[in-house]
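A short reminder: the numbers here are calculations on the coordinates, not readings from a lab. Everything numeric in this text was worked out from a predicted model, so none of it was measured. When we count neighbours, we look across all protein chains shown, and the Cβ atoms used for this are built from the backbone with ideal geometry, even at glycine.
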Amino acid sequence: MAFGTDTIKKFETLETPFYYYDLGLLRKTLAALQLAAPPEYHVHYALKANANPELLQLIRDAGLGADCVSGNEVKRANELGFKAEKIVFAGVGKSDKEINDALDIGIFCFNAESTHELEVINELAGKKSKIAPIALRINPNVDAHTHKYITTGLEENKFGINQHEFETVCQLIQSSENLNFCGLHFHIGSQIQDLTAFKNLCLKVNEINQWFIKRGLFPEHINVGGGLGIDYRNPETNSIVDFAQYFNVFKDLLELHPQQKVHFELGRCIVAQCGNLISRALYIKKGINTNFVILDAGMTELIRPALYQAYHKIENISRPNQPLDSKYDVVGPICESSDCFGKSVELPESQRGDLFAIRSAGAYGEVMSNHYNLRVSAKPVYSV
Ligand SMILES: *Cc1c(COP(=O)(O)O)cnc(C)c1O
């Protein structure tokens, strides 16, 4: 049982829907991460998974850096006290303003995704008489075997620089006065549970790293991205991922020069399990073959099921000890058929007013919420 009786009593007094964050679990997750990471490995937290300031402060205090994919993420990380030398900025479409602001802050590096972007960063840095630190985001053409919308490391994806462009890119960097090459960056996708994908990535990284060193550009750091998946089906028994097993893949397989550092950009596996979307049943609707629980939360609060058929465990927390002998499609109030959190979900017989928890919603939940149908934002609530 995820929530104690006192917690559920407290939930009863709050306006639904809301996000409930278990900060104790986040602390434990960060402690497990620190314990498992070898001292020469640097972990940046990917803000796009959840940029909630309460969570970010704990993550900052645990010593992680920040991986940002927009100017506002860079700004938030900077304002919340992540050191500039621990902030990286990735993304295929950085605007001039975003680049200029990041140059002013003096971030650790830009993960550049195209030759055109390199030209623009060089020009903007030149106008400020600054040297922009550059890591190249490489498209390693490694299949992450995850949902196609969260696969990013294949040639057909929009992300990164492809192998046939390497020589051009090297020439461009070497002839650009305001660029300083500092590393290589890879990110192949998200919610990757089969570590084979990371093993394949390591082999590709070794090849590409060698190529750049031979070519006369020495990557001081190798950033292997994020993407480590979590167990959405068993949030209770598997609340913290096996970080040691993950880092071991890289320890065993990466062939690096002693001076090279390894960077990671983990998002989901740090924050997913500490977040829950708490919602109340508004109506029970009986159909011919299907019965529905209609919640007061919908795809506006948590879009993952609608966007990429993502699974989230759903629990009726008002009836914790009752048998799961009914089946319902659990849906939201939004005027879209895709506004469905789960089909044929096994639940106790449920009634109007029951509280539901949609589990493992700490990553890509609150941060992706929107105001479609003029809905207002669900407020975050924190465990003590
Ligand atoms: C999204 C993203 C991450 C984090 O991915 P997770 O699956 O949440 O770990 C890391 N790096 C980049 C470049 C990303 O776009």
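In table form, for the structure just shown:
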quantity	calculated
Amide hydrogen neighbours beyond the local backbone of Phe341, cut-off 5 Å, H modeled	Val330, Val331, Gly332
The chain: mean projected area of Cα convex hull, nm²	19.5 nm²
DSSP-defined antiparallel bridges as percent of all bridges, region 23-272, nearest 5	5 percent
Amide H partners (placed H, <5 Å) of Val381, local residues excluded	Tyr19, Tyr20, Tyr21
Residues Cys274, Cys340, Cys335, Cys109, sorted so that the one with the fewest Cβ neighbours within 10 Å comes first	Cys335, Cys340, Cys109, Cys274
Charge-dipole axis of the chain as Lys and Arg at +1 and Asp and Glu at -1 on Cβ define it, positive-most pick from Ile240, Phe3, Val43	Phe3
Leu266 long-range amide H proximity, modeled H, under 5 Å	His44, Ala46
Residue-wise HN-Hα coupling along region 332-346, computed from phi with Karplus coefficients 6.51, -1.76, 1.60 (Hz; x: Gly, Pro)	x, x, 6, 7, 8, 5, 6, 7, 9, 8, x, 9, 6, 7, 7
Model label zone, Tyr382; criterion: amide N under 18 Å from point 7 Å along Cα-to-beta-carbon; scope region 63-104	63-64, 76-82
Three-way shape call for region 3-96 based on the alpha-carbon gyration tensor, with the a/c threshold at 1.5	oblate
Share, in percent, of DSSP beta bridges within region 10-123 that are antiparallel, nearest 5	0 percent
Order of Lys261, Lys48 - criterion: other Cβ atoms within 10 Å of each residue's Cβ, fewest first	Lys261, Lys48
Table column - 3J(HN,Hα) (Hz), region 221-233, Karplus curve with 6.51, -1.76, 1.60, x for Gly and Pro	9, 10, 9, 8, x, x, x, 4, x, 10, 8, 5, 7
Relative contact order (percent, whole number), the chain, Cα cutoff 8 Å, 6+ residue spacing	20 percent
